[in-house]
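Novice: Sharing a structure here in structure tokens format.
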Amino acid sequence: MTLSLAQVRSPLQGSVSLPGDKSLAHRAALFAALAEGESEVGNYPDSGVTRAMRGALESLGVPSTIDGGVLRVKGNGMHPFPNSGATAYCGNSATTIRLLAGAVAATHSAAVLDGSEGLRKRPMNRIVEPLRQMGADVSSTDGCAPLRISPAPLECIGYELPVASAQVLSCLQIAALGAEGESRFTVDAPVRDHTSRMLRAMGAEVVDSWPDVFVESLNKPLSPLHGTLPGDISSAAFLFAAAAIVPGSRITVTGVGVNPTRTGILDVLSKMGAKVSLANEREEMGEPVADVTLAAEPLHCVEIAGDLVVRSIDEFPAIAAVAAFAEGRTVVREAEELRYKETDRIAAIVTQLRALGAEVEEFEDGFAVCGGTLKGGTACANGDHRLAMSMAVCGLCAPVSVEGAEILNESFPDFERVIMSLM
Ligand code: S3P
């Protein structure tokens, strides 16, 4: 599918609410499978990546339903997988394969975890090595999927993560629930802490005091989940980017998750000059939620590095799109982890912005974009949902077509309709 958003002549305006956060949705489905009893979770997003987790769980014998946006899963405690030994296909979803690996190991189950061609290229040694140190019987295929896991007793561990990755930390936290004793994980940057919050809400003993996270083995079953997921700030990022680049725009996304480990995008857009305000701050399922308004103001370049990279890790395609319309040269450094996402995101951002005529520089650990140089043209999504949406957003201010845009169904199937509703 080729997507070309019409260039806008008037500001974006309005208020929208979005389907639940994908990171929370993955965890909710998986942790519900490990709980004892039925979980019910509202505002559950139905997209490619959440189907990947639900499909993989179903292959292992844990079906789920979504009805009226409510996910229902019956969990069977720490013996969750009646089809232990099955192959579970995790699609394009790295969160699915990495978190599920932790759950299969924790519950002394067996599984073959596989995925799409793209997923098979993503690094899995980052979970295989520490899981083995805990005693898990897990093997990869040259450091990648498919992963083969057989039942084995686990021991607690003290482990310093070599990469600041919430997926790795979460995999190990889940494994630690089924290990003897207390595990301690140290991570040198503030990665998203959804696993700690959700497991604690379900009754697990988890202490998350960054840089250390402590997890006790489970001595009682997890309680089922009941609640509503906050809207996905990573989807909202494309709407905020769109509003930031169209002069005079003012939009509100209601009920969006504003966990501080995820709000890097709001900080970056504020630093660039956009006006960001939060109202109606509250909590849903142990997560901070607010109505977030973004008002466009003249944009200028920023430098992004350090913790802000980690807190914005999924938002660099959107940030690159905004940088293309800001005054000056925006520079992103210390972001090498972007090379291990759905695509090599540094190379993909650079290539696609260049295809649209922008002046861009590539570094080993980041990129730089000269604002005001993007002319328009045809970009390619490269099999990356976030790249598709960010290049499409550039189309609001320049003539842009995005090829392969159907990949956006992986995360935000309603993207085009929602953005049109703000025009
Ligand atoms: C995620 C963590 C991040 C993020 C991914 C979702 C999660 O990956 O990029 O989209 O749900 O834990 P890393 O933890 O590997 O950086």
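The values are calculated or read from the model by the stated rules, or taken from the named source; none is laboratory data. Keep in mind it's a predicted model, so treat the numbers as computed, not measured. Here the Cβ is made from the backbone with ideal geometry for all residues, glycine too, and neighbour counts use every protein chain on show. Surface areas here come from the heavy atoms of the whole protein model, side chains and all, with no ligands, DNA or RNA. Shrake-Rupley method; radii C 1.70, N 1.55, O 1.52, S 1.80 Å.
Novice: Provide, as a two-decimal number, the C-alpha radius of gyration of the chain over 2.2 N^0.38 Å, N being how many residues it has.
Specialist: Scaled against compact globular proteins, the figure is 0.95.
Novice: Here's something else I'd like to know. Given a 1.4 Å probe, how much area per residue of the chain is accessible, in Å²?
Specialist: The answer is 36 Å² per residue.
Novice: Continuing with this model, one more query. Between A279 and M1, 0.36 nm times their residue separation minus their Cα-Cα distance comes to what?
Specialist: Additional length available on full extension: 96.4 nm.
Novice: Computed FRET efficiency, Cβ-Cβ of D212 and E40, R0 30 Å: what is it to the nearest 0.05?
Specialist: Here the calculated transfer efficiency is 0.35.
Novice: Given a cut-off of under 8 Å on Cα pairs at least six residues apart, what relative contact order in percent is computed for the chain?
Specialist: 17
Novice: Over the chain, what percent of the accessible surface lies on carbon and sulfur atoms, probe 1.4 Å?
Specialist: C and S atoms contribute 47 percent here.
Novice: Here is a follow-up. In the structure displayed, which of K22/K375; K22/K121; K74/K121; K271/K341; K121/K271 lie more than 29 Å apart, Cα to Cα? Numbers along the way, then the final one.
Specialist: Details: K22/K375 33 Å; K22/K121 21 Å; K74/K121 33 Å; K271/K341 25 Å; K121/K271 35 Å.
Pairs exceeding the cut-off: K22/K375; K74/K121; K121/K271.
Novice: Which trypsin sites (Lys or Arg not before Pro) in the range 1-90 sit in a loop by DSSP (not H, G, I, E or B) and have at most 10 other Cβ atoms within 10 Å of their own Cβ?
Specialist: For trypsin sites (Lys or Arg not before Pro) across the range 1-90 that sit outside H, G, I, E and B with at most 10 neighbouring Cβ atoms in 10 Å, the list reads R9.
Novice: A further question on this structure: Compute the FRET efficiency between Q13 and N219 as 1/(1 + (r/R0)^6), taking r as their Cβ-Cβ distance and R0 = 56 Å, and round to the nearest 0.05.
Specialist: 0.60
Novice: Okay, helix-only estimate at 222 nm for the chain: each DSSP H run of n ≥ 4 adds -39500 (n - 2.57), divide by all residues, round to 500 deg cm²/dmol; what do you get?
Specialist: Mean residue ellipticity, 222 nm, calculated: -9000 deg cm²/dmol.
Novice: Right, something else. For the range 365-423 and the range 89-112, what is the centre-to-centre distance using only Cα atoms, to the nearest Å?
Specialist: After rounding, the separation between the Cα centres reads 31 Å.
Novice: Residues with beta-carbon under 14 Å from that of L387, excluding L387: net charge, scoring Lys, Arg +1 and Asp, Glu -1?
Specialist: Net charge in that neighbourhood comes out at -3.
Novice: Excluding ligands and nucleic acids, what accessible area in Å² is computed for E38 using a 1.4 Å probe, to the nearest 10?
Specialist: Per-residue accessible area (E38): approximately 70 Å².
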